[in-house]
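Some notes on the structure that comes next.
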Amino acid sequence: MRRTYPARGRGMICRMDETAREYALALDDADPLAGFAAEFVPAPGVLYLDGNSLGRLPRSTAGRVAEVVADEWGGGLVRSWSTWISLARRIGDLIGTSLLGARPGEVVVADSTSVNLYKLAWAAVSARPGRSVVLSTPDEFPTDRYVLQGLCAARGLTLRDLPADIDAGVSTESVVEALDPSVAVVVLSHVAYRSGALLDLPAITAAAHEAGALVLWDLSHSGGSVPVGLAAAAADLAVGCTYKYLNGGPGSPAYLYVRSDLQAQLRQPIQGWFGAADQFAMPAAYEPAPGIDRFLVGTPPVLSLVGVEEGVRVLAEAGIDRLRAKGQAMTAYLVTLADAWLAPLGFRLASPRDPALRGSHVSLEHPQAWQVCQALLDRGVVPDYRTPDRLRLGPAPLTTHFAEVYDALAVIRDVVSSGAHRGYPSEIARVT
């Protein structure tokens, strides 16, 4: 397979075989984001295709955390709270304005994605009295499903399932058909965790508004890799994690978004002192703070917050539109190699083929995907496994080179063509 490709800096148009490594190197040569990989700690001998599960460590993070520990905690002690108290809002604004298309004062960093989802789902159904249905899909990320199941059981609501194709995701048409006056809130992931299918956020939001419902989006697999456009779509509510594309570190706190005109209308269920109107007056009765602060709960994790800030700072410098362009190009290249090398070996693309209809990761189905995954890990290639029989590959736009995608796919080809994966136990044997 050949494609005309402009090789930057060579003054001519080169025709290259896409399955040749020189093509990948030419893509890297032309990549305007290639230099950003140097901003992150390298992992020698590792081909990392799991950036959609845990992002790499920014070089600046360790020094920044050490500075906070030594100077602000060690030297400043409790006096440093004058600096720390605004971290959640400051970093929230950086995430919101640079990556999510939100306005200042609409995003705050706090708690975990699961806790934030509960807070906002509870607030949403409370804001739609008389409506008894929460609309979601069985293929939603499991923790989202569990949170909604518990919420509906506690509040006497019905969790109604939307049909979803395991590869193509939820269609806008299916959401429109399911909407009726009983629906209080629609809860969906912008990018499906398993397949990478990208939902039409503006169209689904508009349809829900037409029906009088609110929409709560999980942005965990889109924030930092796909332009979200929350303000432009008049999106209501959203949550997302910071340890994937935002490179905040394992267990780093999540973020939540509430459209500014909704903030005064919503009251969240976990009434902690950081969300109180006059926090340090410490009155006996709770009164929610104005603005986005009312969705905070307790004392923020300062060390983790500064780690998030370092990761987001680099992403903001790169720019979300450039990140999206590279993510589309990189996954398209991955699919090209999979078609040429892996399809003949029994792999099937389990993601939308059109790059515009997926996020920045790709799933490949294979009946022995678990064994393949284990064989790859032993050979320095780090993918991810998802049921049923999916090898999930997530090259992060900011930190992955095209040549790394090439090399990783070549290892997958060689492992499966040689039968090396067959020496590993099946997933069932692993579980039992």
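Between 77, 391, 237, which gets the highest mean-square fluctuation from a Gaussian network model of the chain, Cα cutoff 10 Å?
Maximum fluctuation in the GNM of the chain, among the listed residues, is at 77.
Please list, in order along the range 246-252, the HN-Hα scalar couplings obtained from phi with the Karplus expression 6.51 cos²θ - 1.76 cosθ + 1.60 (θ = phi - 60°), rounded to whole Hz, x for Gly and Pro.
Once θ is set to phi - 60°, the couplings for the range 246-252 become 7, 6, x, x, x, x, 5 Hz.
Specify the residue with the greatest mean-square fluctuation among 18, 173, 106, computed from a Gaussian network of the chain linking alpha-carbon atoms under 10 Å apart.
Top of the fluctuation ranking is 173.
Quick one: which residues, 5+ away or cross-chain, put their amide H under 5 Å from the amide H of residue 350? H built at 1.01 Å from N.
363, 364, 365
Provide the per-residue ³J(HN,Hα) series for the range 405-420, in order, calculated from phi with Karplus coefficients 6.51, -1.76, 1.60 and θ = phi - 60°, each as a whole number of Hz, with x at glycine and proline positions.
Per-residue couplings from phi come out as 4, 4, 5, 5, 5, 5, 5, 4, 4, 5, 4, 6, 5, 7, x, 4 Hz.
Under a 5 Å amide H to amide H cut-off, with H placed in plane at 1.01 Å, what residues pair with residue 216 once short-range neighbours are removed?
186, 187, 188
How high is the relative contact order of the chain, in percent, counting Cα pairs under 8 Å that sit 6 or more residues apart?
In percent, rounded to a whole number, it is 21.
How much net charge surrounds residue 39 when only other residues with a Cβ under 10 Å from its Cβ are counted (Lys, Arg +1; Asp, Glu -1)?
So the surrounding residues net to +1.
For the chain, with a Gaussian network of springs between Cα atoms less than 10 Å apart, report the residue from 125, 258, 65 with the top mean-square fluctuation.
65
What length, rounded to one decimal in nm, is gained on full extension from residue 299 through to residue 62, with 0.36 nm per residue of separation minus their alpha-carbon distance?
Contour length minus the Cα-Cα distance gives 83.1 nm.
Once every DSSP H run of n ≥ 4 in the chain is given -39500 (n - 2.57) and the sum is divided by its residues, what mean residue ellipticity at 222 nm do you get, rounded to the nearest 500 deg cm²/dmol?
-10000 deg cm²/dmol
Can you list residues from other chains, or at least 5 along the same chain, whose modelled amide H is less than 5 Å from the amide H of residue 249?
It is 55, by chain and number.
Give me the percent of DSSP beta bridges within the range 61-317 that run antiparallel, rounded to the nearest 5.
Once the DSSP bridges in the range 61-317 are tallied, antiparallel ones form about 40 percent.
Quick one: Karplus J couplings for the range 80-87, per residue in order, coefficients 6.51, -1.76, 1.60, θ = phi - 60°, nearest Hz, x for Gly and Pro?
So the Karplus estimates, Gly and Pro as x, are 6, 4, 5, 8, 5, 4, 9, 4 Hz.
Ranking 385, 193, 245 by Cβ neighbours within 10 Å, fewest first, what do you get?
385, 193, 245
Where a number appears in this text, it was derived from the coordinates with a stated rule and is not lab data. On a predicted model such as this, the values are computed, not experimentally measured, just so you know. A quick note on method: Cβ atoms are made from the backbone with ideal geometry, for glycine too, and the neighbour counts reach across all protein chains shown.
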